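Values quoted throughout were computed directly from the atomic coordinates according to the rules given, and no laboratory measurement underlies them. Keep in mind the model is a prediction, meaning the values are calculated, not measured. Heads up, the Cβs are rebuilt from the backbone with ideal geometry, glycines too, and the neighbour counts pull from every protein chain shown.
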Amino acid sequence: MLSLTGIPKYFFEQMSTQSPWVSATGIWYAYFGAQNQAGDNMSHVLTLTGADAYGNDSLFTTLDNGVSLTHRCTVNVDVHASCEHEVAIERMLGVQIKAGTTLQERGQSIFITGHGNAAYQGICEAGETFSAFVSAPGDSVSILEGYISVVATPI
């Protein structure tokens, strides 16, 4: 058994098992309900509702249809959606990243049996924004439900 005699009390008071907020991970998420987007081979950002954050919520600024980072972070973005399914038309789901005036589409996946999952991970700078998008050739995309989540850790 170890004896703690001789160790100043302030040593233990200074120790903490919690990381400081500046290095803590945060998660932001939002849902999308039923909505129709045009099927014109263009990317259409999904309308979001119910945005919230947990953990280090100071990493995020909620926007109308997405989220912006307030610090340089490593991120993991996940998007899931369900849509009305027709085999003949390939509907696409993805993550849209805006850095300044540049739009990038990442993690695109095709809806299979009415379900789509898209993901992106990387290092992003403060001010970059994330949103979910859909695209389809020649028909509308009828989203039934879904969500987007962003897990961020400042670096």
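Other residues with beta-carbon under 14 Å from the beta-carbon of A38 carry, at +1 per Lys or Arg and -1 per Asp or Glu, a net charge of -1.
For region 46-142, the set of GluC sites (Glu not before Pro) satisfying both a DSSP loop assignment and a count of at most 11 other C-beta atoms within 10 Å is given as E125.
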